[in-house]
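For reference, the structure discussed in these notes is given below.
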Amino acid sequence: MLSIIQAAGWPIWPLILCSILAVALILERLFQLKTNKIMPQQVTEQAMDAVKRGFANEDTLVQLESMGLLGPILASGLRCLQKNPKASDEDVRSSMEMSGRIAAQHLERYLPALATIASVAPLLGLLGTVIGMIEIFGASSPSASNPAQLAHGISVALYNTAFGLIVAIPTLMFWRYFRGIADRHLLALEVSAERFARHVAQLRS
């Protein structure tokens, strides 16, 4: 591996940094986008039971707020009622929507960075290719040629092109995968929040 890096020259170092960052972001998203961290089991049912017992006490709200991303959304609706028992159903929904926007931002965290790496990596590989071609032309002259410099220029061009694609392709695939997971979780959060809002409205009517 070290010999490949040496043969690829200095242009490969930005690609190596991009690959390290991409791996770190992919591992972080794999861990953070697990379903049990977004929507723990029975969290909606627990919130509904709390409503039936009188719109929840502070301990219940604190417990709800620690339950993934859905818990804080439901707790925000209950806190709205706790502060103003006469709040309208629209006020409760608005409070939950604000928390939902925060949850959506958490779901999409680091995805723009992954998309940027997937876009930049081929360009960095192309930069290495151009630098390698410059070295190739620099090694060629009508009077004499330098085979060692010619071979080095070819190595720089090919290795950087290949490594740029090696970094970009998996990163793009994981970005699309995480994008789909985030959209699916966001839809599930909206459905659960709407179900909870309707339950609260029925109990207050």
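The values are calculated or read from the model by the stated rules, or taken from the named source; none is laboratory data. Worth saying up front: this structure is predicted, and the values here are computed from it rather than measured. Please note: Cβ atoms are built from the backbone with ideal geometry, for glycine as well, and neighbour counts cover all protein chains shown. Calculation scope for accessible area: heavy atoms of the full protein, side chains included, ligands and nucleic acids excluded. Shrake-Rupley method; radii C 1.70, N 1.55, O 1.52, S 1.80 Å.
Laid out as a table, the results:
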{"read-out": "In Hz, Karplus ³J(HN,Hα) per residue of segment 159-168 (6.51, -1.76, 1.60; θ = phi - 60°; x = Gly, Pro)", "value": "5, 5, 4, 5, 5, x, 6, 4, 6, 6"}
{"read-out": "Charge tally in the Cβ shell below 12 Å around Leu111, where Lys, Arg are +1 and Asp, Glu are -1, Leu111 excluded", "value": "+1"}
{"read-out": "Those lysines that a straight Cα-Cα span of less than 29 Å connects to Lys52, excepting residues fewer than 8 apart in one chain", "value": "Lys37, Lys83, Lys86"}
{"read-out": "Residue-wise HN-Hα coupling along segment 35-41, computed from phi with Karplus coefficients 6.51, -1.76, 1.60 (Hz; x: Gly, Pro)", "value": "4, 5, 8, 8, 10, x, 4"}
{"read-out": "Contact order relative to length of the chain, as percent, for alpha carbon pairs under 8 angstrom and 6 or more apart", "value": "30"}
{"read-out": "Globularity ratio of the chain, using Cα Rg and 2.2 N^0.38 Å", "value": "1.61"}
{"read-out": "Accessible area of the chain divided out per residue, in Å², using a probe of 1.4 angstrom", "value": "57"}
{"read-out": "Fraction of alpha-carbon pairs over 12 Å apart in segment 74-121 - percent", "value": "66"}
{"read-out": "Heavy-atom accessible surface of the chain: percent carbon and sulfur, 1.4 Å", "value": "64"}
{"read-out": "For Met39, residues with placed amide H under 5 Å, excluding near neighbours", "value": "Leu69"}
{"read-out": "Selected from Arg109, Arg29, Arg53 as most flexible by GNM, with the chain as the system and alpha-carbon contacts under 10 Å", "value": "Arg53"}
{"read-out": "Residue-by-residue Karplus 3J(HN,Hα) for segment 16-31, coefficients 6.51, -1.76, 1.60, Hz, glycine and proline x", "value": "5, 4, 4, 5, 5, 5, 4, 4, 4, 5, 5, 5, 4, 5, 4, 7"}
{"read-out": "Calculated FRET efficiency for the pair Trp13/Met133, C-beta based, R₀ 22 Å, to 0.05", "value": "0.70"}
{"read-out": "Inter-part distance where segment 11-61 and segment 84-101 are each reduced to a Cα centre, Å", "value": "22"}
